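Worksheet for the structure shown next.
Bear in mind these aren't lab numbers, they're just calculated from the coordinates by the rules spelled out. Just so we're clear, the structure is a prediction, and the values are computed from it rather than from any experiment. Please note: Cβ atoms are built from the backbone with ideal geometry, for glycine as well, and neighbour counts cover all protein chains shown.
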Amino acid sequence: FQLPPGEHFVEVAGVAVNSKGHIYVFHRGKHPLMEFDSSGKFVRSIADDLFATAHTVRVDAEDNIWTTDVGTHLVLKLSPEGRVLLSLGRMRTPGDDVLHFNQPTDVAFDRDGNIYVADGEGNSRVLKFNKYGNVLLGWGMKGSGPGQFDLPHSIAIDGDLVYVGDRENARIQIFDLNGRYLREWKLGHPFGLFITPDHFIYMSDAIAGRILKINRDGKVVGVLEGPPPEKGRHFDPHSLAVDKDNCIFTAEVMPWRAQKLRSK
């Protein structure tokens with residue numbers, strides 16, 4: 001990525017790609033949300049004063065930008081221009097009721113525009129909201145049983161299925177849209193999840209230093225190992241995104257790095 005002179009990434013936590021191929025990098029530096037064009041050229045920074053500790057960034061079907069921030073305890077919806085359209089949670093106020101989050105980790109959307117938040121670092125739950133931000137339901141508690149979580153770190157939706165990366169339980173749990181437990185896959189520690197239009201699930205595992213490509217039956221059909229370590233920087237895919245050409249973008253916290261990788 002071509003950063004402006006004097007700028008650098010700090011603890012890159014999130015990455016997303018919009019319909020135009022522009023890339024959003026969400027990191028913990030002084031300009032947390034940066035936009036780049038498809039060639040990696042810097043376009044702009046967005047809403048610098050809104051963020052404290054970046055966690056994930058997502059783009060919805062209308063190219064709105066969604067962020068989760070474990071420092072502000074907020075989930076924000078921004079227009080493509082960077083204007084705040086919706087705010088979920090209470091600024092810098094953690095809690096465990098339906099009006100508050102405690103370090104939310106990820107956000108996803110279903111075909112009806114409902115919003116699903118993995119409230120993972122402090123609360124072991126998922127909350128579902130309608131498109132206006134009104135809470136509809138929630139599920140989950142701390143534990144290792146079906147429907148329980150130990151750090152739900154990522155969430156993604158494919159049709160009528162909700163995939164939750166239950167990181168410390170080393171599994172992906174699968175639910176229906178109302179939070180009913182269906183099954184689980186034990187494939188490593190899911191840090192990030194991304195689902196492509198052709199229904200493949202990509203899972204990043206920063207502990208193993210790899211990305212898995214999984215089909216809808218839970219079978220691993222591809223493995224992407226990270227590039228060789230350089231100057232002590234190992235492959236640390238905290239979250240990921242996949243573009244229409246099946247290029248994989250990774251956000252890496254410890255190496256302070258975002259990368260574009262070509263899958264085979």
Find the centroid of the Cα atoms in the range 32-58 and in the range 105-176, then give the distance between the two in whole Å. 24 Å
Rounded to whole Hz and in sequence order, give me ³J(HN,Hα) for the range 83-100 from the Karplus expression 6.51 cos²θ - 1.76 cosθ + 1.60, θ = phi - 60°, writing x for Gly and Pro. 8, 6, 9, 7, 10, 10, x, 10, 3, 6, 10, x, x, 10, 8, 7, 8, 10
So Ser39 and Lys186, fully extended at 0.36 nm per residue minus their Cα-Cα distance, gain in nm 49.3 nm
The range 122-142 residues near the modelled Asp97 label - backbone nitrogen below 15 Å, point 7 Å along Cα→Cβ: 135
Charged-residue dipole, Cβ positions (Lys, Arg, Asp, Glu), the range 53-209 about Cα centre, Debye nearest 20: 300 debye
Give me the one-decimal nm value for the distance between modelled label points at His8 and Arg216, 7 Å along each residue's Cα-to-Cβ direction. 4.6 nm
Using 0.36 nm per residue, how much length does the chain from His199 to Asn114 gain when fully extended, once their Cα-Cα distance is taken away? 28.6 nm
Taking the Cα centre of the chain as the origin, how large is its charge dipole in debye, to the nearest 20, when only Lys and Arg (+1) and Asp and Glu (-1) carry charge on their Cβ atoms? 320 debye
Burial ranking of peptide ranges 171-183, 90-102, 117-129 (average Cβ count within 10 Å, highest at the top): 117-129, 171-183, 90-102
